[in-house]
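Single-structure report; data block below.
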Amino acid sequence: MNFIINILALGVPFSVALLLASLGEMVNQRAGIFNLGCEGIMAMGAFLGMLVPYSVSHGGPTPGIFNVLGLAAAGGAGALLGLFFGVVVVSFRAPQGIAGIGLQMFGVGTAGTLFRHFIGGTQSIPGIGSAPIPVLSAIPVVGPVFFSHNVLVYLTFLLVPAMWYVLFRTPWGLQVRAVGTYPRAADSIGIKVNQVRYEALAVGGALAGLAGAYLSLCQAKMFSDSIIAGRGFIAVALVYFGHWSPVRIMGGALLFSLAQSLQLAIQGQGINFPYEFAVMLPYILVIVVLAFSRTNRHMSPAELGKPFNREMRV
């Protein structure tokens, strides 16, 4: 029983970075933008999120305000990178897939270079500690799994219904869905298609930056070149798996993170199982799930990946 509780208790916080990045990518795709550069934005967010508190503490105790500033720097940098990506694919109408790969390489390379220049080597930071919720965290089974984590975990799961409300119950959410489904019709009623797409990219980039900062501030409490470990690409896959729905994306993020916590538990228990297969397990799971899941074309943004040119007649 303790073995299962440990897997569940690890799986919930492991899902946060994926969930944040996936929600950001969902906003991008709902607006018609396919952003493969999520991994690069997460890498920059991870570095900046760690750099701010490290610069103050140099590994010692850090006032909480500097952790917040690290999160703000990561989110701000992510938003700027999202806007930069928008210049390339929205204004210049470059192929989104190729531009996304370029952004991924730029973000990962820049983060690694800046890390070696400003820090030099692996350094740990206190980061953001857990904040168990009084009373609720003491409930058997449920408490350790859901109510014994850091503040960012709680806020991320609250973001799921908030994102659903924004997308489906607010004028801005309607505009985002409109420019991703039928931008020419949206333009005909006065919606500024490119402006909405820029706004969506800024929101998506900010969430990806926060996802990276979560890894360095809350999970690993350090930065390394491999800290993202493909999570940006997994986040893109989870958007398809979740059919562009915040709730379903949350389920996919939890499924992947539980597989990740299972492989760590297998290694921790000393079970006679090849280490390499245990590490591969979460990624194999994503491939299998995507292979057997059917994407409803009516649910996907019809103009996903297509640039908008109001002067071109169709």
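Just so it is clear, none of the values below were taken in a lab; they were calculated from the coordinates. It should be emphasised that the depicted structure is a prediction, and the values quoted were computed from it without experimental measurement. Every residue, glycine among them, receives a Cβ derived from its backbone with ideal geometry; neighbour counts consider all protein chains shown.
Hey, rough spin-label estimate for residue 83 and residue 66, points 7 angstrom out along Cα→Cβ, what's it come to in nanometres?
If labels sit at residue 83 and residue 66, their model points lie 2.8 nm apart.
Identify, among 264, 223, 234, the residue whose Cα sits farthest towards the positive end of the charge dipole of the chain, taking +1 on the Cβ of Lys and Arg and -1 on the Cβ of Asp and Glu, with the dipole about the Cα centre.
234
For the pair residue 3 and residue 117, how long in nm is the line joining their label points, each one 7 Å along Cα→Cβ?
For residue 3 paired with residue 117, the spin-label model returns 4.9 nm.
Please list 183-190, 36-43 highest first by mean number of surrounding beta-carbon atoms within 10 Å per residue.
36-43, 183-190
Highest first, please rank the peptides 112-122, 16-26, 242-252 by the mean number of other Cβ atoms sitting within 10 Å of their residues. Walk me through the numbers before you get to the answer.
Working: 112-122: 12.4, 16-26: 30.2, 242-252: 20.0.
So the order, starting with the most tightly packed, is 16-26, 242-252, 112-122.
Please label the shape of the stretch 76-181 as rounded, prolate or oblate, based on the square roots a ≥ b ≥ c of the eigenvalues of the alpha-carbon gyration tensor (a/c under 1.5 means rounded; beyond that, a/b larger than b/c means prolate, else oblate). All intermediate terms of the calculation are to be shown ahead of the outcome.
Details: a/c = 3.51, a/b = 1.26, b/c = 2.79.
Oblate is the answer for the stretch 76-181, as a/c is 1.5 or above yet b/c matches or exceeds a/b.
Please give the charge dipole size of the chain, origin at the Cα centre, charges +1 on K and R Cβ atoms and -1 on D and E Cβ atoms. Round to the nearest 20 debye.
Details: 16 positive and 8 negative charges, 158 e Å.
The calculation lands at about 760 debye.
Given 0.36 nm per residue, what is the gain on full extension from residue 154 to residue 290 after removing their alpha carbon distance, in nm? Write out the running numbers ahead of the final one.
Values: separation 136, 0.36 × 136 = 48.96 nm, distance 2.76 nm.
The residue 154-residue 290 span can extend by a further 46.2 nm.
Given labels modelled 7 Å from the Cα in the Cβ direction, how far is it in nm from residue 165 to residue 131?
1.9 nm
Taking the Cα centre of each part, how many Å lie between the stretch 112-175 and the stretch 60-103?
Going from one Cα centre to the other spans 18 Å.
Could you tell me the largest-minus-smallest coordinate of the C-alpha atoms of the stretch 1-116 on each of the three principal axes, in descending order and whole angstroms?
50, 40, 23
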